[in-house]
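The values are calculated or read from the model by the stated rules, or taken from the named source; none is laboratory data. Bear in mind that the values here come from a model prediction, so they are computed numbers and not experimental data. Note that each Cβ is placed from the backbone with ideal geometry, even for glycine, and that neighbours are counted across all protein chains shown.
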Amino acid sequence: MSNNPSGISQSNTGQMAGGMQAAIGNNNQQLMQAQTIPAQKALTQEDVLRLLGEIQQLLQRSTLPEEIKQKASTRLEAAVDEVQQKEPDKKLAAGNLKRMAETLEDASKTLSAGKGLVEKVQPILGQLLGWLNVAKSFFGL
């Protein structure tokens with residue numbers, strides 16, 4: 001085997017999407033560091049129900065037409081019912097919340113009351129992402 005003085009120096013910091021890289025040579029170095037962001041406090045089932053209650057209050061106090069309020073409330077109530085189960089189906093709850101968010105988003109396109117409500121509901125939905133195991137884009141946030 002011959003001595004190959006050339007080599008590769010590779011350094012990565014942050015999130016890693018790959019692994020080791022093979023190279024021929026004697027002076028190869030590879031340094032990988034991963035920084036982790038501290039996780040937010042995990043929500044409990046009670047926390048989720050409290051947040052969903054906040055959305056319900058916002059909906060009821062809104063000046064949206066009753067038909068839209070009822071449609072969004074029905075979808076929200078379906079999510080609440082699922083979250084209250086001993087072992088909630090988070091995918092089902094997330095789907096109902098997504099449909100509720102879509103209803104509010106549609107209303108916001110034509111009604112100023114809907115726009116204000118969407119702006120208040122979005123941060124609450126953002127807090128639920130981790131518990132529901134969905135990406136930020138799931139609710140269109």
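Yes or no: region 126-136 includes at least one residue that is free of Cβ contacts under 8 Å to residues at least 24 places away in the same chain, within 13 Å of Ile55 (Cβ to Cβ), aliphatic (A, V, I, L, M) and out of contact with any Gly (no Cβ under 8 Å at 6 or more places or on another chain). Let's see the steps before the verdict.
Within region 126-136, the subset free of Cβ contacts under 8 Å to residues at least 24 places away in the same chain is 126, 129, 135-136.
Now drop any that are not within 13 Å of Ile55 (Cβ to Cβ), which leaves 126.
Still in the running and aliphatic (A, V, I, L, M): none.
Checked region 126-136: no residue is free of Cβ contacts under 8 Å to residues at least 24 places away in the same chain, within 13 Å of Ile55 (Cβ to Cβ), aliphatic (A, V, I, L, M) and out of contact with any Gly (no Cβ under 8 Å at 6 or more places or on another chain).
Residues to consider are Lys98, Lys71, Lys115; find the one that is without any contact (Cβ under 8 Å) to a residue 12 or more places away in the chain, over 21 Å from Thr44 (Cβ atoms) and in a helix (DSSP H, G or I).
Working: Lys98 fails: without any contact (Cβ under 8 Å) to a residue 12 or more places away in the chain; Lys71 fails: without any contact (Cβ under 8 Å) to a residue 12 or more places away in the chain.
Of Lys98, Lys71, Lys115, the one residue that is without any contact (Cβ under 8 Å) to a residue 12 or more places away in the chain, over 21 Å from Thr44 (Cβ atoms) and in a helix (DSSP H, G or I) is Lys115.
Residues Glu82, Glu46, Glu67: which one is in contact with a helix residue (DSSP H, G or I) (Cβ under 8 Å, 6 or more places away or on another chain) and farther than 17 Å from Phe139 by Cα? Give the steps one after another, and end with the answer.
On the way: Glu46 fails: in contact with a helix residue (DSSP H, G or I) (Cβ under 8 Å, 6 or more places away or on another chain); Glu67 fails: in contact with a helix residue (DSSP H, G or I) (Cβ under 8 Å, 6 or more places away or on another chain).
Just one listed residue meets the conditions, Glu82.
Using the structure shown, decide if Leu58 is assigned by TED's automatic domain parsing to the domain that holds Gly130, more than 24 Å from Ala107 (Cβ to Cβ) and part of a helix (DSSP H, G or I). Lay out the reasoning, then the answer.
On the way: assigned by TED's automatic domain parsing to the domain that holds Gly130: yes; more than 24 Å from Ala107 (Cβ to Cβ): no; part of a helix (DSSP H, G or I): yes.
When the stated conditions are applied, Leu58 does not pass them.
Given the condition farther than 16 Å from Trp131 by Cα, out of contact with any Gly (no Cβ under 9 Å at 6 or more places or on another chain) and either of a type in the set (Gly, Ala, Ser) or modelled with pLDDT under 85 (or both), answer yes or no: does some residue in region 65-76 qualify?
Yes.
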